[in-house]
Every structure is written in structure tokens, then in C-alpha cells.
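The values are calculated or read from the model by the stated rules, or taken from the named source; none is laboratory data. Quick caveat: nothing in here was measured; it's all calculated off a predicted structure. No Cβ is skipped: glycine too gets one built from the backbone with ideal geometry, and neighbour counts run over all protein chains shown. Just so you know, the surface numbers come from the protein's heavy atoms only, side chains and all, with ligands and any DNA or RNA stripped out. Shrake-Rupley method; radii C 1.70, N 1.55, O 1.52, S 1.80 Å.
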Amino acid sequence: MAQKKKKDRLNFQGKDLEYYNALIEAREKVLAQMQYRVDEALDRSNAEKRGVSTHMADVSNDNARHEMELRMLSEDGDVLKLIEEALKRLENGEYGRCQECGEPISEGRLKIRPYAVFCVKCKTKHEEQARR
Ligand SMILES: [Zn+2]
């Protein structure tokens, strides 16, 4: 099997460049979001240290909120991983193909989720399996 030449990130052109920019933009958005969540959590824990929330009801609300934040942060982390993988696929010339069936992922879908791993068909299949 012939080894495909790896593309240089700095030399992306045309569609590749568009996808690259979309991925970088998505990555910046996620990073900013994570930073915001961390800052928020820090602010609140500082407020808590000053004894702002002392009622039991507040405390359990805070715990639930903490848990939700942690879950969202880990989801952000997952997206970051997907973006990194998509960037690698772009370099390898495999970008935009479903990692399951190998069919091209529609451009409309890539516009919404530039780091999409599966085509709509396979994604739907996975979601149906997860629901069972
Ligand atoms: Zn597929």
C-alpha cells in the first residue's frame, strides 16, 4: 500500500484550509468556554469560603451545580480530543470521511460539527444502539 504524503498544516489550501480554520475556531471556542467555567467555579468557591452560602438548601444546590459543571468540563475535553483527531485526519488526507463506513460526511454536517467522526447514518445507528 502506497504511503500517502502527509500534508503540512501550514500549507492547507481550498477546502482543507476552510476545514482547518473551522476546527481551530471550534477549538478556541471550547477552550474559552472551559476557561469561563473554571473561572466561574473558582469565583463561587471563593464566595463559599467567605460563607456566602450557609443554608443546607444552598449547599445541595451548589453540589448539583458542581457536578453539572464537572460533567460539562469533561464533555468539553472530549470535544477537544475530537478536534485534535480531526486535525490529524486533515493532515493525513482522511478528513471528512466517516470513521466507520468510510463514506464522506456531508458538508452541511461538517459545517455544524467540523470534528464529526461519523456520518449521519452511522451516528444515528449508534444513538439507537445506545438507547436500547
Ligand atoms: Zn458512516
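For the reader, a short list of remarks on this structure follows.
- The helices (runs of 4 or more DSSP H) found wholly in the range 48-132 and carrying at least 2 residues that are within 26 Å of GLN13 (Cβ to Cβ) and away from the ligand (no atom under 14 Å from the Cβ) occupy 56-92, 107-112.
- Pair list, Cβ under 8 Å, 6 or more apart: the range 73-100 residue among the polar types (S, T, N, Q), other residue in a loop (DSSP other than H, G, I, E, B) and surrounded by fewer than 16 Cβ atoms within 10 Å (Cβ to Cβ): ASN92/LYS4; ASN92/LYS6
For every residue, the table says whether it meets (1) modelled with pLDDT of 85 or more; (2) surrounded by 12 or more Cβ atoms within 10 Å (Cβ to Cβ); (3) β-branched (Val, Ile, Thr).
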position	(1), (2), (3)
ASP16	yes, yes, no
ILE24	yes, yes, yes
MET34	yes, yes, no
ARG44	no, yes, no
MET72	yes, yes, no
VAL79	yes, yes, yes
TYR95	yes, yes, no
GLU100	yes, yes, no
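- Residue within the range 116-124 that is under 22 Å from LYS6 (Cα atoms), open to solvent by less than 90 Å² (accessible area, probe 1.4 Å) and in contact (Cβ under 8 Å) with a residue 40 or more places away in the chain present: no
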